[in-house]
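The values are calculated or read from the model by the stated rules, or taken from the named source; none is laboratory data. As the structure is a prediction and not an experimental result, all values here were calculated from the model. Glycine also receives a Cβ, built like all others from the backbone with ideal geometry; neighbour counts cover every protein chain displayed.
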Amino acid sequence: MDSSKTKELSDAEWNERFQSIYQQYYAKLCIYATSILANDEESEEIVQNVIYKLWEQREKFNEIENLQSYLYRSVKNLCINIINRQKIEDKYKSEAWFELKNIELHAIEPLENNNQEQEKKLYEAIEQLPERCKEVLLLSKFQGMKNKEIAEHLDVSVKAIEASITRAFTLLRKMMNNPKNT
């Protein structure tokens, strides 16, 4: 079919064509993506994105020589992008975890050494934290609750709890090292 005939297709005809492509390839592409990522939800999202992109660029549809190769290659490339992004995220999470533990050690250490002046400064700094950060920090470090327990208690995600704790320790470190800026 040449380009001029492609442009003449009505929306209904395009819908029918893409519904056919969806029915023919969706399940196979999901299985393929899952074999790379081992995550059904991400795999489905990738396949939906690839098919949607094909729909958005329908005016270029006839430039695709081999539709099956195009679809599989597109899915593979998006899977690789996700894997690379996850590696970067894991690296930063690991670095952030070590930094958090370092901050925690230095922020909580005065309490363990019974240094009253440092302890007083720490409690003053904790009181200046944003309300959610303070609440999460107190539940975590002073009541000994696990992140999952705090998340359930506050009806938020575990990631939100981790972010609040990280922010709390970052702010505490700044306040403890530079109390005049608080």
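Search region 25-50 for residues being of a type outside the set (A, V, I, L, M, F, W, C) and over 19 Å from the mean Cα position of the chain (by Cα), and hand back the single one that is surrounded by the fewest Cβ atoms within 10 Å (Cβ to Cβ). So the residue we want is SER35.
Of note, ASN62 satisfies the criterion of being outside the structural domain of ARG167 (by TED's automatic domain parsing) and at pLDDT below 85.
Can you find, within region 150-182, the residue that is surrounded by the fewest Cβ atoms within 10 Å (Cβ to Cβ) among those that are outside any helix (DSSP H, G or I) and modelled with pLDDT under 85? My answer is ASN178. Could you tell me whether ILE103 is surrounded by 12 or more Cβ atoms within 10 Å (Cβ to Cβ), at pLDDT below 80 and either hydrophobic (A, V, I, L, M, F, W, C) or at positive phi (or both)? Against the criterion (surrounded by 12 or more Cβ atoms within 10 Å (Cβ to Cβ), at pLDDT below 80 and either hydrophobic (A, V, I, L, M, F, W, C) or at positive phi (or both)), ILE103 qualifies. Among the residues of region 51-76, count how many are over 20 Å from GLN19 (Cβ atoms) and surrounded by 12 or more Cβ atoms within 10 Å (Cβ to Cβ). Qualifying residue count for the region: 2. Taking residues in region 65-79 that are assigned by TED's automatic domain parsing to the domain that holds LYS28, and partners anywhere that are among the polar types (S, T, N, Q) and part of a helix (DSSP H, G or I), the pairs with Cβ atoms closer than 7 Å and at least 6 places apart or on different chains are LEU78/ASN49.
Note on region 112-138: residues that are farther than 21 Å from PHE98 by Cα, among the hydrophobic types (A, V, I, L, M, F, W, C) and without any contact (Cβ under 8 Å) to a residue 40 or more places away in the chain amount to 0.
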